[in-house]
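Asks: Dropping a structure here in C-alpha cells format, bear with me for questions.
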Amino acid sequence: MFFITLIKYLTGESLGSILWFKMNIIDKYFTRQQVAVFVMLLMVLTGLAWMVQIMSMMKFLMNYGVKFTDFLGLTALMVPFIVSIIVPFATFIAILFVYNKMIGDNEVVVMASAGYSPAKLARPALIFAGVMTVMNLILNLWLVPASQAKFYDTQWNLRYGLAHLKLQEASFTDMARGLVVYVDKVSNHDLSQVMLSDTRDKKSQITIFANNGKLVTTMRGLSIVMTDGSLQATGNGEIIGTFDTFDMDLSVSEKNNDSAFRARRMSTMELFSVKKENVSKKQYKTVMSEICNRILMPFMNIILAALCLTILLRSSLLRRRASFAPAASVVAMSCLMAGFMSASNMLTSLTSLIALGCAELTVLVVIMVLLFRK
C-alpha cells in the first residue's frame, strides 16, 4: 500500500488508474512481456538450483539407503527457499530485458514523444515489482519457514530412522568417520554376531563384540542395544570386560546440539521471541540476519526495479542513447545487493535491524524521486 501511495503522490495518478483493470493497452503490453520473461526465468533458475541441490545431496542418498522418491520429496522441500532467493533477481532481469528491448526497438522513444513521461512508462514495471514484493513476503514469512522445518525433520528421520537399511550382512559398514560396524545377519531391526569399532574419540577408543543387537531410534539418533558380549576400551588405561546389555550411539544427531541451531526453520514469531541472553552471540546474529532476510529482502524487488527503470528510462531520453545503461543497471544492482547482504550479516540487535530498514526506505524514496522528477 505504501508503494501505491508513493507512486500516486509522485505521478499524480488516481488510485484506480494504477490498478490492472484500469490499465491502458500500453501498460498491459508491458506487463504481459514482463510476466512471460519472469516466469521463464523463475522456472529455469529454480530448476537449475534444484538440480544443484540434488547433486549436492547425492551422498546422502547413497550413504543412507533412502528411496529415490523420498529423496526427491526431501529436495523438493527446498524449492520454496530457492524461489524466495531467486524472485528479486528474476524480477530485476525481467524488467531489464523487456525495457531494454523496447528502448532498442525505439518503442520507448515513440511513447515518450507521444507524451508518456518516465513515470507512466515505469508504472507497469513498478506494479509488477510490487506484486512480486508481496509474493516474496508471503514466501519468506510463512511458506519458507514451514517447508524448511519439514525439510530438516524429514532429513533427520531419513538419516537416523532409516539408517539400519544401510547395514549389509557379512560386511563392514562405515557408519561415520571412525565408526565401523560388522553384522553377520540382519532381520529388520534385529542383528546377530555384531562387531563394533568406535575410534571417533582418539583419547577413548572402544571395540565391542556381541552375540545379538537391536537398532533403536532415540532423540540422539540411531543407537544399537547389544546383549551378551565383551568390550575392550583404551583411554587412561585399558579396560577389558563382558556385559549383559550395552547401549551404543551409532551417530550423533544434529537435532539438539549447538551446531543444529537453524534459524531458517523457526517461525517468524519464534524468531522475534528469541532473547539475546538465552542464546550465544553468534546465534543471535543468525536470528537477526534471518529476520532481515524475511522482512526486508522482499522489498529489494521494488528497489531494484526502480533502480533499473531510473537508469534505463533516463538514459533512453538522452540525445545520444546510453548503450552502457544495461551494464550500469547490473553493476548498480550488484553493488546494492552486496551492500544489503553485508549489512544483514552484521546486524546485532533490533535497533540495527530498524536502522537498516530505514536506510532501505531512504534508498527507495531517493530512487523514486529521481525516476519521477520532471
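Asks: Cβ-Cβ distance below 6 Å, separation of 6 or more or different chains: which pairs start in segment 31-55 with a residue that is within 14 Å of Val131 (Cβ to Cβ) and end on one that is at pLDDT below 95 and of a type in the set (Val, Ile, Thr)?
Replies: From residues that are within 14 Å of Val131 (Cβ to Cβ), the pairs are Gln34/Val98.
Asks: May I pose another question? Residues that are under 18 Å from the mean Cα position of the chain (by Cα), in a helix (DSSP H, G or I) and aliphatic (A, V, I, L, M): does segment 55-64 have at least one?
Replies: Checked segment 55-64: at least one residue is under 18 Å from the mean Cα position of the chain (by Cα), in a helix (DSSP H, G or I) and aliphatic (A, V, I, L, M).
Asks: Contact list please: Cβ distance under 6 Å, first residue in segment 174-191 and at positive phi, second residue outside any strand (DSSP E or B), pairs at least six apart or on different chains.
Replies: Gly178/Thr199; Gly178/Arg200
Asks: Ok, one more. Kindly indicate whether Thr199 is touching a strand residue (DSSP E or B) at 6+ places or on another chain (Cβ under 6 Å) and either touching a residue at least 24 places away in the same chain (Cβ under 8 Å) or loosely packed, with under 14 Cβ neighbours inside 10 Å (or both).
Replies: Working: touching a strand residue (DSSP E or B) at 6+ places or on another chain (Cβ under 6 Å): yes; either touching a residue at least 24 places away in the same chain (Cβ under 8 Å) or loosely packed, with under 14 Cβ neighbours inside 10 Å (or both): no.
The answer is no for Thr199.
Asks: Could I ask something else about it? Quick check on this structure: which one of Asp247, Asp228 is in a strand (DSSP E or B), on the phi > 0 side of the Ramachandran plot, at pLDDT 75 or above and touching a strand residue (DSSP E or B) at 6+ places or on another chain (Cβ under 6 Å)? Don't jump to the end; show me each part of the working.
Replies: On the way: Asp247 fails: on the phi > 0 side of the Ramachandran plot.
Criteria check complete, one pass: Asp228.
Asks: Scan segment 59-81 and give yes if some residue there is under 30 Å from Glu290 (Cβ atoms), at pLDDT 90 or above and touching a Leu at 6+ places or on another chain (Cβ under 8 Å), otherwise no.
Replies: Yes.
Asks: What do you reckon, is Ile95 in a helix (DSSP H, G or I), touching a Cys at 6+ places or on another chain (Cβ under 6 Å) and at pLDDT 90 or above?
Replies: Values: in a helix (DSSP H, G or I): yes; touching a Cys at 6+ places or on another chain (Cβ under 6 Å): yes; at pLDDT 90 or above: yes.
For Ile95, the condition - in a helix (DSSP H, G or I), touching a Cys at 6+ places or on another chain (Cβ under 6 Å) and at pLDDT 90 or above - is met.
The values are calculated or read from the model by the stated rules, or taken from the named source; none is laboratory data. Values in this document were obtained by computation on a predicted structure and should not be read as measured data. Cβ atoms come from the backbone with ideal geometry, glycine included; neighbour counts cover every protein chain shown.
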